Amino acid sequence: MDTLDVVKKAEERGGSERREAIEQVLIGARQLGCDMQVGGGRAGGMNLRYGAIGYAILDVNTKGVVKLYASPHPGKDATDEHREALNAFIEAREALEPKSFPVNTYGHLEDPIEEIGPGPLVAFVERAVQLIRKSYYEPWRELHEA
């Protein structure tokens, strides 16, 4: 399955609104420097990642389920500052309603992507990228520039 297959399957399952929402999130994420990978599982979907090691930001599947990551590194916990900043961002946006709050590692949103709309999700991706740069890249740069 490739990206076009995922988008096509999303449209079959949820109509053109779902397809358009997924496309807009993918376009916005790409413009922010994110990579996209086709996700596994029965539902099929897209995983949005950032940086050289693929910090996790957001997953969306063809059923419209959105998963937001508060702990982007696959092998270690996020800092409290990172997690608190993402949770504050989520809490301030009515459209981003997690099933369980606060989000510690990752959380699924209540509504499908077509009801949320691409705007709040692209804004989340932008905030997550800013925080990943601050939490993971700036300390490394400071350490190696000294």
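Laid out as a table, the results:
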read-out: Single match in LEU68, LEU48, LEU86, LEU58 (criterion: open to solvent by less than 30 Å² (accessible area, probe 1.4 Å), in contact with a strand residue (DSSP E or B) (Cβ under 8 Å, 6 or more places away or on another chain) and farther than 17 Å from GLY117 by Cβ); value: LEU86
read-out: 2 or more residues within 16 Å of LYS9 (Cβ to Cβ) and touching an Asp or Glu at 6+ places or on another chain (Cβ under 7 Å): qualifying strands (runs of 3 or more DSSP E) within the range 23-121; value: 34-39, 45-50
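The values are calculated or read from the model by the stated rules, or taken from the named source; none is laboratory data. As the structure is a prediction and not an experimental result, all values here were calculated from the model. All Cβ positions, even for glycine, are placed from backbone atoms using ideal geometry, and neighbour counts span all protein chains on display. SASA here: full protein model, heavy atoms, side chains in, ligands and nucleic acids out. Shrake-Rupley method; radii C 1.70, N 1.55, O 1.52, S 1.80 Å.
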